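S.K.: Please read through the structure below; I'll follow up with questions.
The values are calculated or read from the model by the stated rules, or taken from the named source; none is laboratory data. Everything numeric here is computed off the predicted structure, so don't read it as measured data. Neighbour counts run over all protein chains shown; Cβ positions are idealised from the backbone, glycine included.
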Amino acid sequence: MRVAEVRRNRPAPSKETVRAALRPVVIEPVSTDLPPETWVQFSRIRQAFLDALPIAAAIISERDGRAAIDECNDRFVALDTYRPTNRPLSITGAAPVAEHLALFFDRYRAASGLPDNMLFEWRDGDDVSGRHFNVTIAPLKPIDGQPPRCLLTLVDRTTEIENARSLRAELLHDSLTGLPNRSAFAEAVDEVVATVDSAVHHAVLLVDLSRFSRINESLGGVAGDEVIITVARRLISTLRAGDLLARVGGDEFGILLRLANGHEDAAAAARRIQSVLSAPFRLARFEVGLECAIGCALIGDESGSGEELVRNAQFALKRAKTTGRVEVHHSGEAACARYKLDLETELRRAIDVGDLRLAYQPIIDLATNRISGFEALSRWAHPTRGNIDPGEFIPVAEEAGLIVPLGRWALDTALSTLARWDALAGGPVPLTMSVNVSAIQLARDDVPGVIAAALATHGIDGARLTIELTESAIVQDPERTTRALQALKGLNVRVAMDDFGTGYSSLSYLRKLPIDNLKIDRSFVSGMLQDRDKVAIVRAVLSLADALGKTTTAEGVETIELSQTLAALGCSHGQGYYYAAPLEADAALAYWQAKLG
């Protein structure tokens with residue numbers, strides 16, 4: 001029979017009955033000159049005081065070696081929900097407050113020598129169905145002839161704690177799938193990290209759904225939610241005892257794996273996940289296929305906390321999205337990410353304060369063996385790290401959005417240098433200036449407008465400027481690139497396709513876009529005299545450029561034999577350390593002047 005049914009079938013005891021059970025001791029003076037009537041009046045005043053309190057309260061004392069309740073208010077009676085003689089009336093299954101008087105009185109004895117009240121938390125019953133109280137014991141001023149007494153008050157915090165527990169459960173679980181969320185997942189990983197030894201016993205897998213955004217865009221959010229719920233159910237089917245699944249992002253799930261058989265368990269789990277997700281999802285009349293990327297981090301690999309371990313798995317997941325394979329986190333990736341973040345901060349500061357500089361590498365006309373122009377190359381001499389290679393800080397600038405101010409600075413500085421050379425020579429020098437423009441800068445900035453303003457500011461004719469773009473800039477947004485290049489042609493600016501042959505551009509772009517020059521990547525030029533395949537590639541590029549009416553520039557020319565061979569094959573220009581390394585502005589001008597003689 002349920003407890004609620006027992007309460008309906010049995011009458012509740014009256015307050016007088018409960019009060020009598022709670023107060024088995026009748027207060028009588030032990031030794032005093034006051035008459036009994038005064039003591040009765042004193043007891044009534046004390047009862048009125050207790051009844052006026054807004055919390056459950058009682059006065060307890062020691063009688064015959066045991067704790068007893070001298071007086072209590074109705075709120076205290078209400079807390080003591082059942083008597084030892086009436087146990088079926090229990091609501092919580094816990095012991096009555098009165099049965100804990102010995103515990104409270106022991107606390108009182110310990111606190112009676114203290115000047116302050118004693119406050120502690122007490123749970124009546126188990127953690128699930130019990131009640132929670134804040135208990136205060138306040139020693140009362142002693143009365144001659146009376147045993148030691150104290151005021152016992154109890155504040156019921158059960159509702160507050162249960163609400164807090166429910167709120168915490170909501171905060172730690174995903175509302176859509178009911179799975180633990182990212183915070184709960186990190187806490188679970190924290191607990192595992194804190195208990196494992198040097199051996200690897202657990203692993204974290206992050207699963208990211210590929211092309212999930214397309215479902216939301218095409219079928220709407222409701223269909224997307226249905227997919228997420230279905231994915232959660234399928235992932236649950238791959239778990240073993242001891243594994244934990246959580247939804248850690250919009251379309252990202254985390255799995256805490258127990259590794260009974262070492263690393264092979266993680267690989268087996270990844271295969272199970274890929275298998276269950278490979279089956280199509282049916283949404284209305286559509287069958288949708290989903291692929292996933294999986295990144296793995298093993299506990300014991302630079303994992304100081306659960307959050308760090310999840311972050312390590314994210315590093316592996318990022319690589320997995322690129323490679324299409326299950327990737328495992330490698331030692332040092334976190335340090336590399338922190339280094340890039342430091343580099344980003346320092347690069348931002350270097351751009352602001354002008355710590356960067358340009359170096360100028362000559363471009364040689366192979367037909368006349370004269371300098372036709374220079375390419376402006378960014379250089380960064382860090383005060384503590386030394387010279388930082390552009391291949392290192394340019395990608396950081398692109399990821400951090402710093403490539404736009406960096407590109408504008410490079411363009412303005414290069415044209416300013418060319419204008420200064422003109423001033424020193426007393427007129428325009430017969431040199432061109434090549435400046436690189438990033439694909440990200442082309443996408444985010446008004447490159448034609450910026451170039452037009454810079455040309456006007458420094459009084460440079462557009463025909464003396466060459467903008468170098470990589471093939472990726474054309475492939476990413478062909479329409480935008482076409483508009484930008486056409487605007488540049490309106491300024492008479494020449495356009496070169498940098499690193500030609502290493503990207504994925506269609507040959508149709510070479511016909512449609514106003515590209516003037518193809519720069520043959522150094523990977524094909526270097527060592528071409530010892531490699532027939534490289535010679536064939538260079539010859540093919542030169543033939544293509546000639547057929548389309550475009551000039552060519554070979555990068556990475558390091559020997560006289562390479563220079564002569566490229567000239568014999570019909571290459572227009574050469575650039576490399578055989579002619580000169582990148583030079584400071586004044587040294588570049590001096591180098592050109594020396595070549596004139």
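S.K.: Of the numbered conditions (1) among the β-branched types (Val, Ile, Thr); (2) farther than 30 Å from Arg75 by Cβ; (3) modelled with pLDDT of 80 or more; (4) surrounded by fewer than 19 Cβ atoms within 10 Å (Cβ to Cβ), Thr158 fails exactly one; give the number of that condition.
M.R.: (2)
S.K.: Can I ask one more? For Lys534, work out the one condition from (1) part of a strand (DSSP E or B); (2) without any contact (Cβ under 8 Å) to a residue 24 or more places away in the chain it doesn't fulfil.
M.R.: (1)
S.K.: Which residue out of Arg233, Arg240 is among the charged types (D, E, K, R) and either crowded, with 16+ Cβ neighbours inside 10 Å or part of a loop (DSSP other than H, G, I, E, B) (or both)?
M.R.: Being among the charged types (D, E, K, R) and either crowded, with 16+ Cβ neighbours inside 10 Å or part of a loop (DSSP other than H, G, I, E, B) (or both) holds for just one of Arg233, Arg240, which is Arg240.
S.K.: Of these, Ala453, Ala463, Ala443, which one is of a type outside the set (Asp, Glu), without any contact (Cβ under 8 Å) to a residue 24 or more places away in the chain and part of a helix (DSSP H, G or I)?
M.R.: When all the criteria are applied, what remains is Ala453.
S.K.: Do you know which of the residues in the stretch 269-301 that are in a loop (DSSP other than H, G, I, E, B) and farther than 24 Å from Ser213 by Cα is modelled with the lowest pLDDT?
M.R.: Asp301
Yes or no, residue by residue, for (1) closer than 21 Å to Glu561 by Cα; (2) among the basic types (Lys, Arg):
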site	(1), (2)
Asp355	no, no
Leu358	no, no
Pro362	yes, no
Asp365	yes, no
Thr368	yes, no
Phe374	no, no
Arg379	no, yes
His382	no, no
Ile388	no, no
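S.K.: Pull up the stretch 509-523, narrow it to residues that are part of a loop (DSSP other than H, G, I, E, B) and touching a helix residue (DSSP H, G or I) at 6+ places or on another chain (Cβ under 8 Å), then point me to the one that is surrounded by the fewest Cβ atoms within 10 Å (Cβ to Cβ).
M.R.: Here the residue is Pro514.
S.K.: Separate question: Select, from Ile69, Ile60, Ile91, the only residue that is modelled with pLDDT of 80 or more and either within 54 Å of the chain's Cα centre (by Cα) or among the hydrophobic types (A, V, I, L, M, F, W, C) (or both). Give the derivation first.
M.R.: On the way: Ile69 fails: modelled with pLDDT of 80 or more; Ile91 fails: modelled with pLDDT of 80 or more.
Just a single option satisfies the conditions, and that option is Ile60.
S.K.: Please work out if Ala266 is surrounded by 22 or more Cβ atoms within 10 Å (Cβ to Cβ) and assigned to a helix (DSSP H, G or I). If you could, list the steps in order and put the result at the bottom.
M.R.: Values: surrounded by 22 or more Cβ atoms within 10 Å (Cβ to Cβ): yes; assigned to a helix (DSSP H, G or I): yes.
Yes, satisfied.
S.K.: Within the set of pairs 6+ apart or on separate chains, which have a first residue in the stretch 133-148 that is among the small types (Gly, Ala, Ser), a second that is in a loop (DSSP other than H, G, I, E, B) and at pLDDT below 75, and C-beta atoms under 7 Å apart?
M.R.: That search, which allows pairs on different chains as well, returns Ala138/Asn117; Gly145/Pro29; Gly145/Val30; Gly145/Ser31; Gly145/Thr32.
S.K.: Which residue, of Asp521, Asp498, is within 17 Å of Leu442 (Cβ to Cβ) and modelled with pLDDT under 90?
M.R.: Working: Asp521 fails: within 17 Å of Leu442 (Cβ to Cβ).
Unique residue meeting the criteria: Asp498.
S.K.: Could you list, in sequence order, all residues of the stretch 565-579 that are surrounded by fewer than 13 Cβ atoms within 10 Å (Cβ to Cβ) and either part of a helix (DSSP H, G or I) or aliphatic (A, V, I, L, M) (or both)?
M.R.: Quick first cut of the stretch 565-579, residues surrounded by fewer than 13 Cβ atoms within 10 Å (Cβ to Cβ) only: 568, 577.
Ala568, the sole residue that qualifies.
S.K.: Only one residue in Phe374, Phe393 is modelled with pLDDT of 95 or more and touching a strand residue (DSSP E or B) at 6+ places or on another chain (Cβ under 8 Å), so which one is that? Lay out the reasoning, then the answer.
M.R.: Working: Phe393 fails: modelled with pLDDT of 95 or more.
Going through Phe374, Phe393 in turn, just one is modelled with pLDDT of 95 or more and touching a strand residue (DSSP E or B) at 6+ places or on another chain (Cβ under 8 Å): Phe374.
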